[in-house]
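Trainee: So that we are looking at the same thing, I have put the structure below in structure tokens.
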Amino acid sequence: MKFYMTPGSCSTGIHILLEELELVFEVTLVNLLAGDHLRPENLAVNPKATIPTLVRDDGSAITEFQAIAWWLARAYPKAKLLPDDIEGEVRVIETLDYVVGTIHGQGYTRIFTTENYSTNKAEHEAIQARGREIVDKGLALMDGVLAGKEYVAGSFSIADAALFYVEFWADKIKIELPPNCLAHYQRMLQRPAVRRVLMEEGYRV
Ligand SMILES: N[C@@H](CCC(=O)N[C@@H](CS)C(=O)NCC(=O)O)C(=O)O
């Protein structure tokens, strides 16, 4: 398989799942700041120009974090990256969607890619402040989801890989994690696959 990723981005969550599954895959590094995602060879693989993208052995590509994570969990069921009851499954989808779509898609994008929201620099501070509100609210909600649990669905699942990358970003930009998220983040950092991924992506663990 071929995995298109950018170190320290949301693709880190998928990278963790690939390592948890101990899969053999080839990496293509996509430098978003340099505009690699807009190069014709990358657009040919993923016309949305986003990372992560996973190209499977048959040559077909999957885009969108949730879809890639779900496919990995279903394609390699022995690793039990999804709960086997419908209640557990629905909680995993609920978390994936909220983390990727809201905390990342509406919150962090306002902080990291403010210029996509307005070309008027005078508005940037207010846009970033709104992003911060969305992230804070999102992490507080996830803190409630984690109450009394080690992982989102009880045991480790694809939802934890998503939650991890928004916790990692919080850590990097000095947003204080609420207590259950902090414990979850620290627990994730103890997982060998997570440590391997962070080292491979150039971070000190
Ligand atoms: N909905 C997409 C979002 C992925 C996404 O926004 N990735 C960012 C990096 S964290 C990206 O590719 N940004 C480049 C762009 O959107 O132009 C997914 O779930 O994969």
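Trainee: Translational diffusion coefficient, Stokes-Einstein: compute it for the chain using the Kirkwood radius over C-alpha pairs as Rh, at 4 °C and 1.567 mPa s, and state it as an integer in µm² s⁻¹.
Mentor: Working: Rh = 17.5 Å.
My calculation gives 74 µm²/s for D.
Trainee: Which value in Å is the Kirkwood Rh of segment 86-191 over different Cα pairs? Present the calculation step by step, with values, prior to reporting the outcome.
Mentor: Numbers: mean 1/r = 0.0709 Å⁻¹.
Its Kirkwood hydrodynamic radius stands at 14.1 Å.
Trainee: What fraction of the DSSP beta bridges in the chain is antiparallel, stated in percent and rounded to the nearest 5? Don't skip to the answer; put the middle values down first.
Mentor: Numbers: 8 of 12 bridges.
So the antiparallel bridges in the chain amount to around 65 percent.
Trainee: Segment 16-69: D in µm²/s via Stokes-Einstein (Kirkwood Rh, Cα pairs, 20 °C, 1.002 mPa s)?
Mentor: Rounded, D is 179 µm²/s.
Trainee: Testing the spin-label approximation: label points 7 Å from Cα along Cα→Cβ at residue 25 and residue 116. State their distance in nm.
Mentor: 2.1
Trainee: How high is the relative contact order of segment 110-175, in percent, with contacts defined as C-alpha pairs under 8 Å that are six or more residues apart?
Mentor: Details: 25 pairs, mean separation 12.6, N = 66.
Relative contact order, segment 110-175: 19 percent.
Trainee: Could you list which residues have their amide H under 5 Å from that of residue 53, counting only those 5 or more apart in sequence or on another chain, with H placed in the peptide plane?
Mentor: So residue 53 has HN proximity to 4.
Trainee: In square angstrom, rounded to the nearest 10, how much accessible surface does residue 64 have for a 1.4 Å probe?
Mentor: 90
Trainee: What does the convex hull of the Cα atoms of segment 29-116 come to per residue, in Å³, rounded to a whole number?
Mentor: Here the figure is 113 Å³ per residue.
The values are calculated or read from the model by the stated rules, or taken from the named source; none is laboratory data. Keep in mind that this is a model prediction, so the values were computed, not measured. Don't worry about glycine lacking a Cβ; one is built from the backbone with ideal geometry, like all the others, and counts go over all protein chains shown. These area figures cover heavy atoms from the full protein model, side chains too; ligands, DNA and RNA do not enter into them. Shrake-Rupley method; radii C 1.70, N 1.55, O 1.52, S 1.80 Å.
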